[in-house]
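The structure appears right after this line, and notes come after that.
The numbers here are math on the coordinates, done by the rules we state, and not lab data. Nothing here was measured: the structure is a model prediction, and the numbers come from that model. Cβ: placed from backbone, ideal geometry, glycine included. Neighbour counts: every protein chain shown.
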Amino acid sequence: MSFDLYLSYMKRAIFNSLLFLLSTCFGACRNHIEVKLFWDTAKKQPKEIYQVLSRNTTIKDGPFESYFNSGKLAVKKRYDNNKLEDSCILYNENPYYRSEQLYYKNGLREGIRILFYANGKWKIIEHYTKDKLEGEYNRYDEKGKIIEEGQFKNGQMSGQWIFYFANSTQIKEKVNFVNGQELGYYESYYQNGKRKSDGYYKGEDNMDSLWHLYYETGELMEDAIYKDNWENGLVHTYDKNNQVTKEILYNKGRVVKYSDFVKHIFTEHPENAKDLSSNEE
């Protein structure tokens, strides 16, 4: 085969390939049907506009838009073979603003999700992996100041979370989570920055081991031993000179001995010293 004949053959092959691609594209376009739904019988106020496959009109495929009765856009998203894909934007009607933006992959939330305030500032920024919360989480007030930060693992709160006072950069609480449950060391603070309390959690709202309470000026106010969220052992209260003012012995939240060294009150309750588990509901 001569070079010229070969060149002519290649040109025809390329031209035929282009024709095939173009015909495939146009064929694919013709395989979609646009669906329009309306709020009114006069069909002037659109409710939903989207595309379906002509071979199966139950399958959404392509851009999707829905509208409020007022005519304002409510949702803008895209389907790929009946599964959400790429960006999805949601709007609030009154006042009208973009309220949420997130992303989908193969019908599942994937990547960043942002919720907005009416003033356009971020409200919540979180992340998804295969429709489960995963990674950093941040929450803000309407002025843009962070008020809560932490992380998720496999859809559950995990690690240390920090909470802030409103209209302040001062930390209010530090809480540790494991699989969505409070577990580990806990700290809280007064708005002046002084520590308010600290201790350990054994599970959701389950105080355990040694806890401390402090005065707003920083001095120790109380120490107490907890077990399964009950005072269980000695509890001491202090004045601001670190002198013990009260000493109370607990058994599963019930007073066994009570000593008030200021008022000179001393009582004993031996009936509370026995195991109370059989009497607890």
Requested in this report: Counting helices only, and only those DSSP H runs with n ≥ 4, report the 222 nm mean residue ellipticity of the chain as the sum of -39,500 (n - 2.57) divided by its residues, in deg cm²/dmol to the nearest 500.
Outcome: -3500 deg cm²/dmol
Query - Extended-chain gain in nm, criterion 0.36 nm per residue less alpha-carbon gap, Tyr97 and Thr245 - result: 47.5 nm
Report summary line: To the nearest 10 degrees, the tilt of helix 3-30 (Cα long axis) against the first principal axis of the alpha carbons of the chain is 60
Requested in this report: Run the quick spin-label model on Asp228 and Ala42: label points 7 Å from Cα toward the beta carbon, then report their separation in nm to one decimal.
Outcome: 7.1
Query raised in the report: What size of dipole, in debye to the nearest 20, comes out for the range 219-281 about its Cα centre when the only charges are +1 on Lys and Arg C-beta atoms and -1 on Asp and Glu C-beta atoms?
Result: 140
Requested in this report: Using +1 at the Cβ of each Lys and Arg and -1 at the Cβ of each Asp and Glu in the chain, identify which of Phe266, Val235, Gly184 lies farthest towards the dipole's positive end.
Outcome: Gly184
Query raised in the report: Can you list the residues, at least 5 places off or on another chain, whose amide H is less than 5 Å from the amide H of Lys47, using H built in the peptide plane?
Result: Leu37, Phe38, Trp39
Requested in this report: Using the Karplus curve 6.51 cos²θ - 1.76 cosθ + 1.60 with θ = phi - 60°, work out ³J(HN,Hα) for each residue of the range 145-157 in order, rounded to whole Hz, and write x for Gly and Pro.
Outcome: 7, 5, 10, 7, 8, x, 8, 10, 9, 6, x, 10, 4
Query raised in the report: Going by average Cβ neighbours within 10 Å, how do the peptides 101-109, 191-199 rank, with the highest at the top?
Result: 101-109, 191-199
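Let me spell out the model: positive unit charges on the Cβ of Lys and Arg, negative unit charges on the Cβ of Asp and Glu, origin at the Cα centre of the chain. What dipole size does that give, in debye rounded to 20?
1880
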Query raised in the report: Can you give the convex hull volume per residue for the Cα atoms of the range 139-224, as a whole number of Å³?
Result: 82
Requested in this report: Report Rg/Rh for the range 148-194, rounded to two decimals, where Rg is the Cα radius of gyration and Rh the Kirkwood radius.
Outcome: 1.03
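When Lys and Arg each count +1 and Asp and Glu each count -1, what net charge do the other residues less than 9 Å away from Ser188, Cβ to Cβ, add up to?
Working: positive: Lys172, Lys174, Arg195, Lys196; negative: Glu173, Glu187, Asp198.
Neighbour charge sum, excluding Ser188 itself: +1.
Take every Cα-Cα pair in the chain and report what % of them are more than 23 Å apart.
73
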Report summary line: Ranking Ile147, Tyr164, Gly71 by how far each Cα lies towards the positive end of the charge dipole of the chain (+1 on Lys and Arg Cβ, -1 on Asp and Glu Cβ), the top one is Gly71
